[in-house]
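Only one structure is covered here, and it is reproduced in the block below.
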Amino acid sequence: MITAISTSCFGCETEDAAKTISLFPCNAEIAFKTFYEYRPEFSKRLAAEVSGLNAVSVRSYAPNFEYQLFCSSRRVRGDGFYWLDQLMRSMQLLGAKRFVLQGAPFGADFNAESTAATLKEISAFCARYGAETCLENDGVSSPQIYARLKERFPEIKYSLNLSKVRISGYPYGMFTAAMGQSVSQICLACPDCPNAGSAADEIVNLLKNVVFSKDVILTGAPASGYDVTDLVRAVKSRF
């Protein structure tokens, strides 16, 4: 199992967070925030500054361009794929192999057929850059939606966000049953516990509940104020 820290765990600029992670023996998820950061020029500079950092995955700020990928307008879709291309080129510079997609349309007008078709297109586009696309669950949709997408796109990969599962109100087991072996990674927020040890215990218990042994990405800064890198060490020591 790979345990990684997201740059979103730190209340600073993305490059500063990545530099902090690179100082420890930890893997990283790069959570790009802005259009400025999606450009390869940004990642080229960053890669030189964090040499040796293992970037497991990347994600963007979904409202910036991900929803455009699913639009029926050719021009709007073109804008979305332009920025996806920029992000993929940045991923290559950082050596990351997984793109976490969060912007699928799961509203009242959700259409499983068209959504699955677009997800296939996005996955094929990213695969040309050597990247795996993982669709992450939101905090509203039912597990059945992900099962319906998998029926239409058997090769789909998922990023299961346990924090969003908790918000949805559905049991973890329903999501793991719907997604099955298509889950490539699990994401969860750093727990608000008094210390890294107790927070690690909570994380391990969550992972046992979902019967998972693949990549784990820690997101969000802990409110208690302990060092998130200590939390990663504590989690790794329990496996």
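List of remarks:
- Each of Ser159, Thr176, Asn205 was scored by the projection of its Cα onto the charge dipole of the range 134-239, and the greatest displacement toward the positive side belongs to Thr176; charges sit on the C-beta of Lys, Arg, Asp and Glu.
- Two-decimal log10 I(q)/I(0) for the range 45-102, as the Debye equation yields it once each C-alpha is a single scatterer, q = 0.18 Å⁻¹: -0.64
- Structure-derived log10 I(q)/I(0) by the Debye sum over Cα atoms at q = 0.09, 0.11, 0.15, 0.17 Å⁻¹: which label, when the choices are [x] -0.36, -0.55, -1.04, -1.31; [y] -0.35, -0.54, -1.07, -1.43; [z] -0.53, -0.68, -0.98, -1.14: [x]
- Ranked by the mean number of other Cβ atoms within 10 Å per residue, highest first, peptides 94-106, 116-128 order as 94-106, 116-128.
- Global geometry of the range 1-113, whether rounded, prolate or oblate, following the gyration tensor of its Cα atoms and the 1.5 cut on a/c: prolate
- For the range 134-239, diffusion coefficient by Stokes-Einstein and Kirkwood Rh (Cα), 10 °C, 1.306 mPa s, µm²/s: 112
- In straight-distance terms, cross-link reach from Lys164 covers every one of the lysines whose alpha-carbon lies under 22 Å from its own, apart from those fewer than eight places away in the same chain; here that gives Lys33, Lys150, Lys208, Lys214.
- Surface share of carbon and sulfur [accessible, 1.4 angstrom probe, percent] for the range 60-153: 49
- Working note: 222 nm ellipticity from helices only, DSSP H runs with n ≥ 4, each -39,500 (n - 2.57), summed and divided by the residues of the chain, gives -14000 deg cm²/dmol to the nearest 500.
- Long-range tail of P(r) for the range 102-186 (Cα pairs > 15 Å, %): 54
- The value of relative contact order for the chain, using C-alpha pairs under 8 Å at least six residues apart, is 21 percent.
- Amide H contacts for Leu135 (H built 1.01 Å from N in the peptide plane; partners 5 or more residues away or on another chain; cut-off under 5 Å): Leu101, Lys157, Tyr158, Ser159.
- C-alpha center-to-center spacing [the range 120-190, the range 1-57] in angstrom: 23
- Residue-normalised accessible area of the range 26-141, given per residue in Å² at a 1.4 Å probe: 45
- Nearby aspartates and glutamates by direct alpha-carbon distance to Lys157 (threshold 14 angstrom, same-chain neighbours under 8 apart not counted): Glu121, Glu132, Glu136, Asp215
The values are calculated or read from the model by the stated rules, or taken from the named source; none is laboratory data. The shown structure was predicted, so the numbers you read here are calculated from the model rather than taken from an experiment. No Cβ is skipped: glycine too gets one built from the backbone with ideal geometry, and neighbour counts run over all protein chains shown. Surface areas here come from the heavy atoms of the whole protein model, side chains and all, with no ligands, DNA or RNA. Shrake-Rupley method; radii C 1.70, N 1.55, O 1.52, S 1.80 Å.
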